[in-house]
1. Given the criteria surrounded by fewer than 23 Cβ atoms within 10 Å (Cβ to Cβ), among the aliphatic types (A, V, I, L, M) and in contact with a strand residue (DSSP E or B) (Cβ under 6 Å, 6 or more places away or on another chain), does Ala358 qualify?
2. Among (1) free of Cβ contacts under 8 Å to residues at least 60 places away in the same chain; (2) surrounded by fewer than 19 Cβ atoms within 10 Å (Cβ to Cβ); (3) in a loop (DSSP other than H, G, I, E, B), where does Leu238 come up short?
3. State all residues of segment 336-357 that are in contact (Cβ under 8 Å) with a residue 12 or more places away in the chain, among the acidic types (Asp, Glu) and farther than 23 Å from Ile234 by Cα; if no residue qualifies, say none.
4. Which of the residues spanning segment 315-343 are under 19 Å from the mean Cα position of the chain (by Cα) and hydrophobic (A, V, I, L, M, F, W, C)?
5. Restricting attention to segment 257-301, and to residues there that are touching a strand residue (DSSP E or B) at 6+ places or on another chain (Cβ under 9 Å), over 16 Å from Glu233 (Cα atoms) and among the charged types (D, E, K, R), which single residue is surrounded by the most Cβ atoms within 10 Å (Cβ to Cβ)?
6. Looking at Ala73, Ala114, can you tell me which residue is among the hydrophobic types (A, V, I, L, M, F, W, C), closer than 30 Å to Thr4 by Cα and surrounded by fewer than 20 Cβ atoms within 10 Å (Cβ to Cβ)?
7. Restricting attention to segment 42-73, report how many residues are part of a helix (DSSP H, G or I) and under 27 Å from Ala202 (Cα atoms).
8. Failed condition for Pro269, given (1) in contact (Cβ under 8 Å) with a residue 60 or more places away in the chain; (2) within 26 Å of Val70 (Cβ to Cβ), with all others met?
Amino acid sequence: MSTTITGNILTPHGWVHGSIGFDRRIGVIDGGATDPGANGDPFILPGFIDLHVHGGGGRDVMEGGDAAHVIAAVHAKHGTTSLLATTMTAPPGDIVSALRAVGAACAAPRAGSARILGVHLEGPYINPGKLGAQPDFAAVASMADVDALRQHASLRLITVAPEMPGHLDLVRALTSAGMRVQIGHTTGTYEDGVAALEAGAAGFTHLFNAMNPLHHRSPGMVGAALAHASYAEIIPDLLHVHAGAIKVALRAIPHLYCVTDSTAATGMPDGEYMLGRQVVHKCMGGVRLGDGTLAGSTLTMDQALRNLVQTLGLDLADASRRVSTNAADYLGEAELGRLAAGCFADIVVLNRDLHIQAVYTEGEAVEL
């Protein structure tokens, strides 16, 4: 059954004031070019895409079971129509159990919920000297290890510390096998970052966090990202990264995109939650370990968009690309992250204050 909605529609060619018709995919977009600030109608944007999601609604990806489905439903209410379920550094058995559950969730999608595109394997192939909120189960990887994990779920994105022994060869092998490799949780130098990019690494995990900072005589991993990256993810909750540093990244990295790094505490009251094997505490708008270390976030993608526009001053079209299109392009998902005929009908409708009015995933309305 076809649906039609009207408003200010953000297409790949600019804003159109008119109507968009869709069922599972987008059909016809009718209307004329417009300045969306010239009328009071809602904004119609591509659904948000979040490539770093640990949890939400009190559930954590590492739990297994139906956690991935619950998390996908929670984030859909905030405009996320596609996501990567993100794991934590953990013993091998824990990771396998989580991957099996995510693989099952991918094989049985639920209507009116965010699409689970696969897995972002954030650990264990990281540096034990930059764990951040990751448990201390970091490991050096081989392609055989990764191939064993791939039997259980689609690994779309893998975070790697390139300075660890053998990891530059791993970056080459993973890239050749069609996986995106991100540099993160690393003590590596600027030179390590450049070498990893030359070996095929494509981005950086939560830029600025859990990596060596920029200094003018020692550029560090942040310097490698700012000087050379085309893509990187960043957490725009204004807690993980200062607004001024986000502006630096926006000027330096052409296809910077936003992630939430959200945890089980997302959408929940203050209290204790699990992040993998770690107990975390939600309070004062953030999530931390007992020692005060930031441990993911409670950010949602609609709030990320508002932060980009209302605090950082991006225009809405640019902000939309940062929470949708750039991430789709990064994963090579040409039918996601844009409102155009033939693309999946993943759509977010926002009021003039940029709050959610409606969300559609493959044409199905999300119950808000």
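1. Considered against the rule, which asks whether it is surrounded by fewer than 23 Cβ atoms within 10 Å (Cβ to Cβ), among the aliphatic types (A, V, I, L, M) and in contact with a strand residue (DSSP E or B) (Cβ under 6 Å, 6 or more places away or on another chain), Ala358 comes out as yes.
2. Unmet condition: (1).
3. Scanning segment 336-357 gives no hits.
4. Leu316, Ala317, Ala319, Val323, Ala327, Ala328, Leu331, Ala334, Leu336
5. Lys282
6. Exactly one residue qualifies, and that residue is Ala73.
7. 5
8. (1)
The values are calculated or read from the model by the stated rules, or taken from the named source; none is laboratory data. Because the structure is a prediction, the values reported are computed rather than measured. Cβ coordinates were reconstructed from backbone atoms using ideal geometry, including for glycine residues, and neighbour counts include every protein chain displayed.
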